[in-house]
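First comes the structure, then the notes that go with it.
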Amino acid sequence: MFDYAALVLAALPVFVGAFVAGPMIARELETGTFKVSWTQSVPPARWLAAKLAVPAVPLLAGVAVLTAVLAWARSYADTPYPAQWYAPTLFGASGITPLAHTLVALSVGALVGLLVRRTVAATGVAALSTGAVIVALAAVRPGLWPLRTVTSESGGIPDDSWILEYGRITDTGERLSIDICGQPVSEHPACLAGKTVVGEYFDHHPASHFWPLQLVETGILLVLAALALTLAFRVLRRRHG
């Protein structure tokens, strides 16, 4: 149940972006119902701002509550295989990144709806765009904060560390990734020929890197949201004044 809840919360921005782009924005432009508001002394910019503000407040409040409940549930989880903090779905449903992803979904949805202006097409494009942002950030997440490196000589690493790479160290200081010179040693004579292995190394993110990674990712998301929202208002102003 916990894993499913984390997955739903992490994927929620995809549905938010699709709903904003299609039923909220593109449908009004496609059917022409937006003209009713604009003929009642409501300028286009105010119309769009109201369209986004109305769902933004309950969405952000709801996501904040769900994130807090998920964190509470995880702290009370009694299982020999707890969800790791760096798992893509759990990380995306923890901390403050869910709020930033929601803002990106709202902004991208508005931009796509104004550009595409067709309900079904805008829904699909917005869902794909928002999903692409989530997948891309998950892929680059390990590099958002400097890794720590420990060796077998300097001591072990905590059990909750996010290990990105590990391997062997030779007497010359050369690092041999386990992907290249894996176990057992007897199967890699060419790789280890003429080398003396003196220890192992581990490149990892300790649990203390959770908030630095969260803050950097949130900063990227806020920049993307601001950029998409700015473009949305420019598109609206250029097409409708």
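The values are calculated or read from the model by the stated rules, or taken from the named source; none is laboratory data. The structure presented is a predicted model; accordingly, all values stated were derived computationally and were not measured. A quick note on method: Cβ atoms are made from the backbone with ideal geometry, for glycine too, and the neighbour counts reach across all protein chains shown.
Summary of values
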item: Of all residues in region 195-241 being of a type in the set (D, E, K, R) and without any contact (Cβ under 8 Å) to a residue 24 or more places away in the chain, the one that is nearest to residue 93 (Cα to Cα); result: 234
item: Single match in 200, 174, 217 (criterion: of a type in the set (Asp, Glu), within 30 Å of residue 139 (Cβ to Cβ), modelled with pLDDT of 80 or more and assigned by TED's automatic domain parsing to the domain that holds residue 28); result: 217
item: Odd one out for residue 47 among (1) touching a Phe, Trp or Tyr at 6+ places or on another chain (Cβ under 9 Å); (2) touching a residue at least 60 places away in the same chain (Cβ under 8 Å); result: (2)
item: Filter pass, residue 115 being assigned by TED's automatic domain parsing to the domain that holds residue 9, more than 27 Å from residue 3 (Cα to Cα), at pLDDT below 95 and hydrophobic (A, V, I, L, M, F, W, C); result: yes
item: Conditions (1) of a type outside the set (Phe, Trp, Tyr); (2) in contact (Cβ under 8 Å) with a residue 60 or more places away in the chain; (3) under 30 Å from residue 205 (Cα atoms); number of the one not met by residue 118; result: (3)
item: Region 134-159, subset over 30 Å from residue 103 (Cα atoms) and within 31 Å of the chain's Cα centre (by Cα), residue modelled with the lowest pLDDT; result: 156
